[in-house]
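Everything on this sheet refers to the single structure shown next.
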Amino acid sequence: MNKKKKKSQGSVKIVIIGIVLLCLVLGYYYYLSNKSAPKEEETPAKITPVQEVLLYNFDRSYPPTPKEVVKAFSEITKCMYNEEYSEEEFLALAKQIQNLYDAELIANKTENQYIEDLRWDVNQMKGMEVVLSSYAVSSSTDVEYFVQDGYDCARLYCNYTFRKGTQLAPSNQVFILRTDEEGHYKIYGWKLVEEEEE
């Protein structure tokens with residue numbers, strides 16, 4: 001009788017161990033199948049071009065050369081003309097581009113006038129369905145450095161291509177930059193290059 005009891009206890013132990021092992025195998029399979037399948041909420045949200053330029057932190061990492069300053073200016077301008085954004089994002093873009101301006105350029109207009117002029121310019125372009133298709137900044141070797149009124153200055157060009165439907169229109173702009181008290185090149189002004197100037 002005792003022998004039978006021990007045998008049945010042994011069988012019960014084997015069954016319990018088998019069940020535990022089966023649970024472990026099934027649990028591990030469940031873990032692996034859920035781990036390999038990406039969940040929708042884990043997929044990172046795509047950053048829009050507007051959000052990307054708004055992430056620039058010019059206080060921490062200002063563009064090191066005049067060429068990089070004009071490139072940053074052009075990227076923000078491209079977002080303003082080409083992308084959709086909220087009023088809050090528009091104001092943030094306006095502030096972001098102002099981080100690249102010389103203090104004297106900023107002082108030429110009140111904050112309200114600057115915002116209204118910028119809004120008018122952007123609305124004109126969008127109303128005519130014109131987008132900034134591309135831009136090309138002068139190569140670093142073509143940047144002209146000079147000193148004026150005690151400031152280190154730089155002159156360089158940027159060729160913009162505007163597109164309306166299938167029509168392309170080039171626009172060559174000359175930029176003047178000068179250093180601020182921290183040695184950063186800031187945009188002092190720019191203008192359209194007339195053909196005879198080129």
Exercise. Tell me, what ³J(HN,Hα) does each residue in the range 52-64 have, in order and in whole Hz, if you take phi through Karplus 6.51 cos²θ - 1.76 cosθ + 1.60 with θ = phi - 60° and put x for Gly and Pro?
Worked result: 4, 6, 6, 7, 4, 10, 6, 5, 8, 9, 7, x, x
For this session: Could you work out the local net charge near I76, counting Lys and Arg as +1, Asp and Glu as -1, over the other residues with Cβ closer than 14 Å to its Cβ?
Result: -3
For this session: Using the structure shown, select from K126/K186; K95/K186; K71/K109; K71/K95 the pairs with a Cα to Cα distance greater than 21 angstrom.
Result: K126/K186; K71/K109
For this session: Enumerate the calculated ³J(HN,Hα) couplings along the range 172-183 in order (Karplus 6.51 cos²θ - 1.76 cosθ + 1.60, θ = phi - 60°), each rounded to whole Hz, writing x wherever the residue is Gly or Pro.
Result: 9, 10, 9, 10, 10, 10, 9, 7, 9, 5, 8, x
Exercise. Taking a point 7 angstrom from the Cα of K191 along the C-beta vector, which residues in the range 68-112 have backbone N less than 20 Å away?
Worked result: 70, 101-109
Exercise. By the gyration tensor of its Cα atoms, with a ≥ b ≥ c the square roots of the eigenvalues, what is the shape of the range 73-198: rounded for a/c under 1.5, prolate for a/b over b/c, or oblate?
Worked result: oblate
Problem set entry | Highest to lowest packing among 139-146, 179-186, 65-72, scored as the average C-beta count within 10 Å | 65-72, 179-186, 139-146
Exercise. How far is it, in nm, from the label point at A107 to the one at Q173 when both lie 7 Å from their Cα along the line to the Cβ?
Worked result: 2.3 nm
Exercise. Between the range 110-129 and the range 55-92, what's the alpha-carbon centroid distance in Å?
Worked result: 16 Å
Seminar exercise, completed: With +1 on the Cβ of every Lys and Arg and -1 on the Cβ of every Asp and Glu, the dipole magnitude of the range 40-158 about its Cα centre, in debye rounded to the nearest 20, is 360 debye
For this session: Step through the residues of the range 68-82 one at a time and calculate ³J(HN,Hα) from phi using the Karplus curve (6.51 cos²θ - 1.76 cosθ + 1.60, θ = phi - 60°), rounding each to whole Hz and writing x for Gly and Pro.
Result: 5, 5, 5, 5, 4, 4, 5, 5, 5, 4, 4, 4, 4, 7, 9
Exercise. Counting only residues 5 or more places away or on other chains, whose amide H sits under 5 Å from the amide H of D102 once H atoms are built in the peptide plane?
Worked result: I187, Y188
Exercise. Counting only residues 5 or more places away or on other chains, whose amide H sits under 5 Å from the amide H of S133 once H atoms are built in the peptide plane?
Worked result: T161, F162, R163
Problem set entry | Förster radius 45 Å - calculated FRET efficiency between T141 and I115, Cβ distance, rounded to 0.05 | 0.75
Seminar exercise, completed: By the Cα gyration tensor axes a ≥ b ≥ c (a/c under 1.5 gives rounded; else a/b larger than b/c gives prolate, otherwise oblate), the shape of the range 122-163 is oblate
Exercise. Extension gain E84-N123, at 0.36 nm per residue separation less the Cα-Cα distance, in nm?
Worked result: 12.9 nm
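Read the figures in this text as sums done on the coordinates, not as results from a lab. What you are looking at is a predicted structure, and each value in this text was computed from that prediction instead of being measured. Don't worry about glycine lacking a Cβ; one is built from the backbone with ideal geometry, like all the others, and counts go over all protein chains shown.
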